[in-house]
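Step one of this worksheet: look at the structure below.
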Amino acid sequence: MAGRFSEYSEKVLKIFKNPVNVGVIKDPDAWGFISDPTRGVTMELFLKLDGDVIADARFRASGCGATIATTSTITQMLKGKTPGQALEITDIDLAQALELSERKHYVAELGRELIAAAVDDYRQRKALK
Amino acid sequence: MKRIYLDYAATTPLRPEVYTAMKPYLLEDFGNPSTLYSYGQEARQAVESAREKIAGLINAKPEELVFTSGGTEANNLAVKGVAQALEKQGNHIITCAIEHHSVLGPCQALENRGFEVTYLPVDEHGQVSPESVGNAITGKTVLISIMHANNEIGTLQPVAEISRLARQNGIYFHTDAVQTLGHIAVDVEELGVDLLSASAHKIYGPKGVGALYIRQGVKVAPLIDGGEQEDRRRAGTENVAGIAGFGRAAELAGTEIPEESCRLRQLRDMLISGIQAAIEDVYLNGHPSARLPGNVNISIDYVEGEAVCLNLDLENICAATGSACTTGSIEPSHVVLALGRNRRLAHGSVRFTMGKWTTEGEIERVKHVLPGIVARLRGMSPLYRQDRCQPGQAG
């Protein structure tokens, strides 16, 4: 039992203190959900599209500081992108954007899976229409 | 803002009196205790005087104490030392699931060398049942090691009952008393232990020094060879200043236990009841009464312990968590999981441990700050609203 906050970058701490786009979108065009109970991580992503472009993104998350900061950053990175472009965001992109430590890289991997889950949901909804 | 330190179970600050006791042996009285001239004899005197003080605190004979580099080495020496000394008699060890890693690690290392280890489960409060110990004893059992109090959840074990069983069966009994020495009464005769581990830095002494009590006649093979020190049970030049500090810390603790443990119990219970009154879905980990005076360990549902501690740190409050994120492993606290809690609650565990300089004002500050932190994190948590069947709202 010991705090290891020094492993967090200034970026993670800054976003953790003031995450943006927290919340839900009612009637979203896409919804993604990732849960890793072993690691204590849950991430939820809501997207609203304007045509083929992500116009709004919101999130909820439970987990460590890196989890909350990463999910918040994802919402910012997604705005203005098409679903196809969203899928091009890699775990390395997320890790670099947040300056995540090696030990926290799994959070970036979960973030990439979250984006993939939301885009998958979007495509399924579109196919049903 | 002044920092509030509530992680005394991790380590404690050095008492000024302890520093004063150590200082001569870092500076002018620097001699090697194994030498015959005056410098050496002054150092020898310091080591033996400290040994007497620590022995006095636990009602042991001075020669029954072996100084080590800390609690971890003391636990390693007890477990591996007994196993090696008695390996011709048997290869079975009994311990429990919530021991400190410095007991579990040596047990696992012995398993790799052909030993069998029984890891007894604990009940929902973290206690080992003496019956389960009795049932686990075999003809090959050479050691039973059950901690006096758990470092995470503070639960006290029925050590005296378990040691009686060990003695009836002619088996050595070891207890890790790192969390209890200097905080509650520790008497090797009353506890009936053959081996007992202690550490200086948990009682306002320096880091890097500990001791293993070894009852006269108990066989322990050394871990470190190559010198006559500590009656050939632990080679290496003694950490004279550290040992002198340990002795002074033990001496001071001995006189203060009754009053200080009572004060900490009050602060502990004040914090537990305050948190439970202000925050819903919070569970106390560990025994409600048979627990260390200064230990509060709670699982806060729907949030992750590290995020709580990070927020507390931003408020200048230092606390610990059993969440995996801070321990480097994937699984959360093995101790909280052993209580039967699910992973979510294990990830949500937060520990506050109080000590000599903890004030009522500091506890009030935690009680004031924690509900807001939990509300903020729950407001972001998808788990919280899902379970409560409430539609999501912008956070």
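Just to be sure before I move on: is B:THR118 within 17 Å of the chain's Cα centre (by Cα) and of a type in the set (S, T, N, Q) in the structure I sent?
On the way: within 17 Å of the chain's Cα centre (by Cα): no; of a type in the set (S, T, N, Q): yes.
Considered against the rule, which asks whether it is within 17 Å of the chain's Cα centre (by Cα) and of a type in the set (S, T, N, Q), B:THR118 comes out as no.
For (1) in contact with a helix residue (DSSP H, G or I) (Cβ under 7 Å, 6 or more places away or on another chain); (2) among the aromatic types (Phe, Trp, Tyr); (3) within 14 Å of another protein chain (Cβ to nearest Cβ); (4) in contact (Cβ under 8 Å) with a residue 60 or more places away in the chain, each residue gets a yes or a no:
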| site | (1), (2), (3), (4) |
| --- | --- |
| A:ALA30 | yes, no, no, yes |
| A:ASP52 | no, no, no, no |
| A:ALA55 | no, no, no, no |
| A:ALA61 | yes, no, yes, no |
| A:LEU78 | yes, no, no, no |
| A:ILE92 | no, no, no, no |
| A:ALA97 | yes, no, no, yes |
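For the residues B:ALA320, B:ALA249, the requirement of being closer than 25 Å to B:SER69 by Cα and either surrounded by fewer than 18 Cβ atoms within 10 Å (Cβ to Cβ) or in the same structural domain as B:LEU383 (by TED's automatic domain parsing) (or both) singles out B:ALA320. Against the test of being within 14 Å of chain B (Cβ to nearest Cβ), in contact with a His (Cβ under 6 Å, 6 or more places away or on another chain) and without any contact (Cβ under 8 Å) to a residue 60 or more places away in the chain, the options A:GLY40, A:GLY23 yield a single qualifying residue, A:GLY40.
Screening B:ASN91, B:ASN112 for residues that are polar (S, T, N, Q), in contact with a Lys or Arg (Cβ under 7 Å, 6 or more places away or on another chain) and either modelled with pLDDT of 95 or more or over 23 Å from B:GLY286 (Cα atoms) (or both) leaves exactly one candidate, B:ASN91.
Here's the yes/no breakdown for (1) of a type in the set (Gly, Ala, Ser); (2) assigned to a helix (DSSP H, G or I); (3) over 30 Å from B:GLU360 (Cβ atoms):
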site	(1), (2), (3)
B:TYR19	no, yes, no
B:LYS23	no, yes, yes
B:LEU36	no, no, yes
B:ALA43	yes, yes, yes
B:VAL47	no, yes, yes
B:GLU52	no, yes, yes
B:ALA60	yes, no, yes
B:GLN89	no, no, yes
B:ILE94	no, no, yes
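Screening the candidates A:ASP50, A:ASP29 for the property of being modelled with pLDDT of 95 or more and either within 26 Å of B:ASN311 (Cβ to Cβ) or in contact with a Leu (Cβ under 7 Å, 6 or more places away or on another chain) (or both) yields one hit, A:ASP29.
Scanning region B:190-228 for residues that are buried (at least 19 other Cβ atoms within 10 Å of the Cβ) and assigned to a helix (DSSP H, G or I) yields a single hit, B:LEU191. Residues of region B:78-102 that are in contact with a Cys (Cβ under 9 Å, 6 or more places away or on another chain) and either closer than 21 Å to B:LEU339 by Cβ or surrounded by fewer than 19 Cβ atoms within 10 Å (Cβ to Cβ) (or both): B:THR95, B:GLU99.
Looking only at region B:313-322, residues that are more than 7 Å from chain A (Cβ to nearest Cβ) and over 23 Å from the mean Cα position of the chain (by Cα) come to 2 in all.
The values are calculated or read from the model by the stated rules, or taken from the named source; none is laboratory data. Quantities reported herein were computed from a predicted structural model and do not represent experimental measurements. Neighbour counts are summed over all protein chains in view; Cβ atoms, including those assigned to glycine, are modelled from backbone coordinates with ideal geometry.
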